[in-house]
Amino acid sequence: MTSIGTGYDLSVSTYSPDGRVFQVEYAQKAVDNSGTAIGLRVKGGVVLAVEKIKHSRLLVPHSNKRIMTAGKHIGVASAGWMSDTRHLVKRARDEARHYYGTYKTEVPAKIIAERMGMYVQAYTLYSSVRPFGVSTLLATMDHDGPQLYMIEPSGQYMGYRGCAAGKGKQAAKTEIEKLDLDSLSVRDAVKEAARIIYSVHDSTKDKLFELELSWVCEESNGLHAHVPQELFDEAVEYAENADNSDDEDDEEMEDDE
């Protein structure tokens, strides 16, 4: 047997000779084949944006949302298997409710991220279960201000100022790194998030998609909510105009060549 996967990928509890756990890597592949999800943490809050791929024109618009609320102040965006997302959101809601019932205060961002990371990591330890094929972005506000965490299929969780998951994550990360997140307002961050989703969308492979946008910020009174419709429309218009200008620039470069 070799360490390319044969024989070592039958159980999540088996290491390959070079220290790899192939089942976890396969779970990450499920994430990488999903629509892109990004999070931006700016001075006034956190913005989540998701490219929800529509596999059929018969699907009901705005159904099967990939951005959900796990607590009054906790938003969850996902890239990967939708069924796994629902399970983890339910777990996050249980954790938030139990924490509030014990301490009579909302669960801090680091605590909920740590508990969810431990829960996800437990599914990489036993041969009777499989890893979750989803990366989740947690957006919240607590006494330390806006917080953004991402939990990967391995159970690793880290705090970010900006992060991305899904098939367009590399291009999205490049665009996020260009932003001045320290000076960006929440409303501007919503527009930039929409622009990034539109720019990384591959229209040749996935022609139909829905944009989802949410925030948790001072303007929403510290609560997680989908952005107001008028701001959503502004963000979409901004993103489409930026996308069209990029296409025109590419055409001009081709003509020059």
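The values are calculated or read from the model by the stated rules, or taken from the named source; none is laboratory data. In this text, all values refer to a predicted model and were calculated from it rather than measured experimentally. Cβ coordinates were reconstructed from backbone atoms using ideal geometry, including for glycine residues, and neighbour counts include every protein chain displayed. Just so you know, the surface numbers come from the protein's heavy atoms only, side chains and all, with ligands and any DNA or RNA stripped out. Shrake-Rupley method; radii C 1.70, N 1.55, O 1.52, S 1.80 Å.
Would you pick out the residues in the stretch 115-151 that are in contact with a His (Cβ under 8 Å, 6 or more places away or on another chain) and surrounded by 19 or more Cβ atoms within 10 Å (Cβ to Cβ)? The answer is Phe132, Ala139, Thr140, Met141. Considering Asp188, Asp206, the condition of being out of contact with any helix residue (DSSP H, G or I) (no Cβ under 8 Å at 6 or more places or on another chain) and assigned to a helix (DSSP H, G or I) is satisfied by Asp188 alone.
Being within 24 Å of Gly162 (Cβ to Cβ) and basic (Lys, Arg) is true for just one of Arg41, Arg20, Arg93. Which residue is that?
Numbers: Arg20 fails: within 24 Å of Gly162 (Cβ to Cβ); Arg93 fails: within 24 Å of Gly162 (Cβ to Cβ).
Being within 24 Å of Gly162 (Cβ to Cβ) and basic (Lys, Arg) holds for just one of Arg41, Arg20, Arg93, which is Arg41.
Among residues of the stretch 114-129 that are within 14 Å of Met158 (Cα to Cα) and at pLDDT 95 or above, those with a Cβ under 8 angstrom from a residue that is β-branched (Val, Ile, Thr) and not in a helix (DSSP H, G or I), sequence gap 6+ or separate chain, pair up as Met116/Thr136; Met116/Ile151; Gly117/Ile151; Val120/Ile151. Ser154 meets all of the listed conditions (1) at pLDDT 95 or above; (2) within 19 Å of Ala49 (Cα to Cα); (3) open to solvent by 30 Å² or more (accessible area, probe 1.4 Å) but one, namely (2). Cβ-Cβ under 6 Å, sequence separation 6+ or interchain: first residue in the stretch 204-228 and under 15 Å from Gly44 (Cβ atoms), partner among the basic types (Lys, Arg) and at pLDDT below 95. Which pairs? Here the result reads Leu223/Lys72, each pair linking the stretch 204-228 to a residue that is among the basic types (Lys, Arg) and at pLDDT below 95. Of all residues in the stretch 88-114, those satisfying the criterion of being open to solvent by 80 Å² or more (accessible area, probe 1.4 Å) and in a helix (DSSP H, G or I) are Lys90, Arg91, Arg93, Arg97, His98, Tyr100, Thr102, Tyr103, Lys110.
Is it the case that Ala193 is touching a strand residue (DSSP E or B) at 6+ places or on another chain (Cβ under 7 Å) and within 25 Å of Leu59 (Cα to Cα)? I'd like the intermediate steps shown before the answer.
Values: touching a strand residue (DSSP E or B) at 6+ places or on another chain (Cβ under 7 Å): yes; within 25 Å of Leu59 (Cα to Cα): yes.
Judged against the criteria, Ala193 is a match.
For the stretch 191-203, name all the residues that are free of Cβ contacts under 8 Å to residues at least 60 places away in the same chain and either under 18 Å from the mean Cα position of the chain (by Cα) or part of a strand (DSSP E or B) (or both). Step through it out loud before you land on a result.
Going residue by residue through the stretch 191-203, those that are free of Cβ contacts under 8 Å to residues at least 60 places away in the same chain are 191, 195, 198-199, 202-203.
Residues satisfying the conditions are Lys191, Arg195, Tyr198, Ser199, Asp202.
Checking each residue in the stretch 33-80 for being polar (S, T, N, Q), open to solvent by 40 Å² or more (accessible area, probe 1.4 Å) and either assigned to a strand (DSSP E or B) or touching a helix residue (DSSP H, G or I) at 6+ places or on another chain (Cβ under 7 Å) (or both) picks out Asn64, Thr69. The combined condition, being in contact with a Phe, Trp or Tyr (Cβ under 8 Å, 6 or more places away or on another chain), in a helix (DSSP H, G or I) and open to solvent by 50 Å² or more (accessible area, probe 1.4 Å), is not fulfilled by Lys173.
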